[in-house]
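The values are calculated or read from the model by the stated rules, or taken from the named source; none is laboratory data. Just so we're clear, the structure is a prediction, and the values are computed from it rather than from any experiment. Cβ sites come from the backbone with ideal geometry, for glycine too, and all protein chains shown count toward neighbours. Just so you know, the surface numbers come from the protein's heavy atoms only, side chains and all, with ligands and any DNA or RNA stripped out. Shrake-Rupley method; radii C 1.70, N 1.55, O 1.52, S 1.80 Å.
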Amino acid sequence: MPATQQHPLTVVAPLRDGLGPLDAVSASMKALRDPVIERLRGVKTLHFGRFVLLPDEPGGPPTRLAFESNHDGERAPHVKELAEALAPFEDALCLWKDYRKGRFADFVEKHALPAPTFYLGHPGLTVEQIHADDEVRDRLAGLLDEMDGADRLDGKSAYQIREELLAKLADDGKPRTLGFVDRGLPVQPFAERRMHLVIAGTVLAAVGVVPVTAVQEIFERIEESKPGNEPRLIGEGDPRLDPIIDHEDRVTQNGLTHFVPLRPGKWRKATMRFVLWFLEQARQKIAYQGTLGGISSIHFARWVILDDDRVLFFSNYDGSWEAYLGDFVDKAHLYLSAVWSNTKWFPKTYGLVLEGASKESTFKQWVRTFQVENQIWYSAYPKLTVQNVLDNARVREGAVGVMTEDEAQAWLRLF
Amino acid sequence: MATSDLELDDIQGILLFAYASLAHAAYVHVTFPAAAGTKPNAWLGKIAKDIAASNVHHGKRGDKINVAFTAEGLARLGVSKKEIESFPRELQQGMGHDLRAHVLGDDAENHPDTWEVGGPKNEPLHALLLLYSHEPDTLEKLREREVGRLSDHGGAVVHVDLGHVRGKEHFGFADGIEQPHIAGSPRRKEAHQVEIPAGEFILGYANAYGEMPPSPRGGDGFDIGKNGTYLVYRKLRQHVGRFWEAMLTQAEHDEKRASLYAARIIGRWPSGAPLVRHPLEDVKHGETYDPAFDFDKLDRDGSRCPFGAHIRRANPRNMLPPDPQASMKAVQRHRLLRRGRPYGPPVAAHSPEGRAKDDGVDRGLVFLVLNASIRRQFEFVQQTWLNNPKFAGLYHERDPLVATAKDDDDPRADLTMQGTPVRGKLAGLPRFVTNRGGGYFFLPGKKAIAWLAARKR
């Protein structure tokens with residue numbers, strides 16, 4: 001079967017007028033959370049999705065509603081599925097100014113935005129495949145526990161244990177697709193292209209982007225030192241964070257939405273576009289297996305630039321906010337600084353990449369300042385980490401054919 | 001940091017010393033009722049000169065007193081609402097708050113509503129007096145004196161725990177082996193110890209990010225946090241009989257196997273010898289072991305020390321992705337300074353069979369940790385490593401020794417023991433530890449103590 005790719009869908013559009021303060025609108029959306037999630041479960045192509053009200057100012061009244069999804073295959077069939085699923089909620093969708101009932105696909109067509117950078121933690125695995133792999137792994141783990149409990153593992157080699165497990169699995173009589181499934185991944189890393197890419201990027205950066213940005217930074221710092229212009233990062237105990245923090249870390253996964261204006265000036269926008277383009281190239285050619293600078297806990301993430309020079313970031317990740325941001329600071333601060341130092345109030349950065357996101361407490365405060373609460377957030381597999389998904393796939397791949405003792409031992413280590 | 005620029009005369013002694021030579025400790029939990037006539041500031045002013053700093057030799061036999069305050073305690077001392085808001089959110093909410101309980105996995109029988117101290121159903125907790133002495137009777141005298149001074153000023157004792165250093169904790173294992181060395185500390189650094197920037201444990205110094213994190217401030221600009229730290233107190237009851245009973249059941253009453261399983265749950269043998277170096281049996285009595293060990297070099301597949309074992313979770317060292325160096329660097333940002341001690345009488349028996357008999361006595365560990373960031377250090381270790389069912393790529397396993405949390409829809413508690421040709425598993429383990437209460441406290445520097453004592457209410 002040919003590989004199915006995953007794609008981002010981002011829809012951002014203005015709210016209709018006269019809706020009132022954030023609290024009321026947010027509450028009415030959140031009241032729909034459970035029924036919407038129930039309906040979204042029926043969208044077979046949907047990995048993660050969310051509805052978020054976006055304010056112009058942090059903590060201010062909402063002006064836009066965003067919808068994000070990460071889906072299998074082409075957009076049109078996915079949008080068709082979404083339209084069907086969201087049919088009972090047409091009234092709520094009319095929160096969007098331009099929305100006309102029954103015209104979901106047209107609305108999406110009109111307001112969908114491209115994502116210059118789209119990161120995937122387990123590319124090429126569809127929702128269906130992820131669920132199927134989890135079932136296979138779970139069943140095999142259960143069979144292994146049974147064998148263990150009946151002392152049927154003693155004295156056997158890994159080869160024998162695997163043979164017996166696969167025989168028992170077949171005895172289920174359940175139709176399962178086992179073995180290799182094409183994920184559409186490049187067969188081998190593009191070593192040469194990688195080198196060229198890195199060299200090209202570094203040269204461009206060194207010669208062009210970095211020095212000019214460094215100068216730009218100096219001007220910006222002068223501006224910010226004027227009274228009234230200092231960054232106003234949110235304080236520790238600010239109650240605005242309560243609804244966000246209240247909902248975090250309830251399950252294995254979390255969704256982060258971050259919305260911040262670009263720093264003024266054409267140079268900043270251009271630099272942002274360049275960095276996002278560069279990261280996307282690097283992602284496609286080098287990090288296609290999915291480790292964003294060594295962080296292996298992100299399922300899907302993207303940056304989107306809006307027309308009025310604002311930057312939207314959506315991430316679906318494993319573990320706590322604290323662990324996730326900590327990982328960013330520890331492992332990916334250069335990349336983050338390169339992207340986000342182009343935006344408002346980002347911690348002081350030098351030459352586009354230095355300092356910035358490596359200043360842990362200031363960086364986390366900055367993220368919180370521009371973090372937005374998700375009214376509705378959906379995951380098709382809330383109990384699986386990226387590692388679980390990839391390990392499940394390896395179990396399924398190794399569940400056919402003959403293996404050497406060494407290979408069988410490696411396969412059994414997945415349990 | 002080459003030479004010490006730590007202000008030892010301002011830093012309370014418990015930060016730099018564990019007072020191991022003062023084997024007996026009393027942890028006195030204090031409240032100052034809201035009634036008129038209670039004078040917490042005067043009390044603090046009175047005891048201030050007796051509070052031990054770090055510039056006194058730790059080997060002395062003399063008694064030591066240290067003190068810490070909850071956010072409510074700071075309010076009783078006259079710290080304003082705005083000033084308290086400059087303290088971290090975790091301290092403001094307190095360990096008994098719903099959100100903190102959620103982060104820490106304190107649910108069911110560990111829920112703050114069931115606590116003996118510091119919970120919403122207990123009397124308000126304002127201060128913690130830490131008293132250390134050489135003998136039980138000298139400790140008793142010290143306690144009497146301090147409680148006397150306390151009640152002279154309207155304070156009352158709501159709870160006391162007595163800690164006693166004995167070398168081993170109640171399950172029978174050596175404890176507190178791996179402690180970080182604070183850069184600039186006057187103490188001697190062991191070869192295998194890792195040196196951690198002072199700011200990870202003491203406010204007012206650069207932390208592991210080279211940053212000076214924001215410090216709580218007074219309205220008058222006074223740096224309240226300087227030379228202080230945050231103290232986490234958890235009274236962890238240990239069910240010793242249940243633990244050894246479970247080990248014997250898993251091992252079908254083979255005592256040697258039961259001991260091996262217990263060691264695998266912890267990651268060390270009773271002597272402290274790490275499984276990574278001694279995978280099958282403990283060192284002989286009297287023999288020493290090499291305290292330094294390397295997960296990546298010696299046990300990458302977990303067949304010596306299970307991935308889910310307690311010491312791996314509490315300090316993963318170089319085993320985390322993406323690579324050993326990045327792991328060491330990241331882990332150093334989540335280190336804890338442990339100052340706790342066992343409480344309650346030890347179990348008399350030494351064999352697994354002997355220890356499996358439950359005598360119903362209340363014993364356990366007064367778990368006490370000092371760190372400059374409750375969220376990035378203590379809570380992070382608890383939430384992201386100990387209580388995380390997904391730690392190390394696992395599917396559904398929490399720390400088998402100390403994890404408290406459970407999922408209602410999947411309450412399994414297993415330990416997978418990685419191995420060749422196939423893994424072993426300790427399935428359906430009960431919980432061995434119950435959290436009986438405690439709190440988050442601010443442990444001020446001596447200048448801050450003077451500032452607090454001088455507050456007007």
> So which DSSP H runs in chain A come out at 30 Å plus along the axis (Cα) with average Kyte-Doolittle of at least -1.0?
Replying inline: A:127-149
>> Rounded to the nearest percent, how much of the accessible area of the stretch B:101-211 (1.4 Å probe, protein heavy atoms only) is carbon and sulfur?
In response: 51 percent
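Between residue A:246 and residue B:301, what's the calculated FRET efficiency when r is the beta-carbon distance and R0 is 41 Å? Round to 0.05. Let's see the in-between values first.
Working: r = 40 Å, r/R0 = 0.97.
About 0.55, to the nearest 0.05.
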> So what is the accessible area of the protein assembly as shown per residue, in Å², with the probe set to 1.4 Å?
Replying inline: 41 Å²
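Can you sort A:164, A:230, A:217 by solvent-accessible area, 1.4 Å probe, largest first?
A:230, A:164, A:217
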> What aspartates and glutamates sit close enough to residue A:285 to cross-link, taking a C-alpha to C-alpha distance under 19 Å and skipping anything fewer than 8 places away on the same chain?
Replying inline: A:182, A:192
> Once the convex hull of the C-alpha atoms of chain A is built, how many Å³ does it hold per residue, rounded to a whole number?
Replying inline: 167 Å³
>> Under a crude label model (7 Å from the Cα following the beta-carbon direction), how far is residue B:177 from residue A:405 in nanometres?
In response: 3.3 nm
> For residue A:267 and residue A:230, what does the FRET efficiency come to when R0 = 25 Å and r is the distance between their Cβ atoms, rounded to the nearest 0.05?
Replying inline: 0.70
> Which log10 I(q)/I(0) values, to two decimals, does the stretch B:85-206 give at q = 0.11, 0.16, 0.19 Å⁻¹ under the Debye formula with one point per Cα?
Replying inline: -0.66, -1.31, -1.29
> Roughly speaking, what is the stretch gain from residue B:164 to residue B:285, that is 0.36 nm per residue apart minus the C-alpha to C-alpha distance, in nm to one decimal?
Replying inline: 41.2 nm
>> Please state the shape class of the protein assembly as shown: rounded when a/c is under 1.5, otherwise prolate if a/b exceeds b/c and oblate if not, all from the C-alpha gyration tensor.
In response: oblate
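Can you put A:344, B:256 in order of accessible area, largest first, using a 1.4 Å probe?
So the residues, ranked largest to smallest area, are B:256, A:344.
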> Per residue of B:372-384, what is the mean number of Cβ atoms on other protein chains within 10 angstrom of that residue's Cβ?
Replying inline: 3
> How compact and how long is chain B, expressed as Rg and Dmax of its alpha-carbon atoms in Å?
Replying inline: 21.8, 71
> So who's got an amide H within less than 5 Å of the one on residue B:12, skipping anything under 5 residues away but keeping other chains? H placed 1.01 Å off N, in plane.
Replying inline: B:446
>> Under the rule of at least 5 residues apart or a separate chain, name every residue whose amide H is placed under 5 Å from the amide H of residue A:54.
In response: A:63, A:64, A:65, A:66
> What order, most packed first, do the peptides B:386-394, B:439-447, B:151-159 have when packing is the mean number of other Cβ atoms within 10 Å of each residue?
Replying inline: B:439-447, B:386-394, B:151-159
> Using a 1.4 angstrom probe on protein heavy atoms only, which residues from the stretch B:79-128 are buried by at least 30 Å² of accessible area when all chains are present rather than their own chain alone?
Replying inline: B:89, B:99, B:102
>> What lysines does residue A:97 reach when the alpha-carbon gap must be under 27 Å and sequence neighbours fewer than 8 apart in one chain are set aside?
In response: A:30, A:80, A:110
> Shape of the stretch B:300-367 from its Cα gyration tensor (a ≥ b ≥ c, root eigenvalues): rounded if a/c is under 1.5, otherwise prolate when a/b > b/c, or oblate?
Replying inline: oblate
> Three principal axis extents, largest first, for the C-alpha atoms of the stretch B:158-284, in Å?
Replying inline: 66, 42, 23
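Which whole number gives the average count of other chain Cβ atoms within 10 Å of the Cβ atoms across peptide A:160-168?
The mean count of partner-chain Cβ atoms within 10 Å per residue comes to 1.
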> Taking the stretch B:17-82, how many lysine pairs are there with alpha carbons less than 28 Å apart, if each pair must be eight or more places apart or span two chains?
Replying inline: 11
>> Interface size between chain A and chain B, please: total buried accessible area, 1.4 Å probe, rounded to the nearest 100 Å².
In response: 3200 Å²
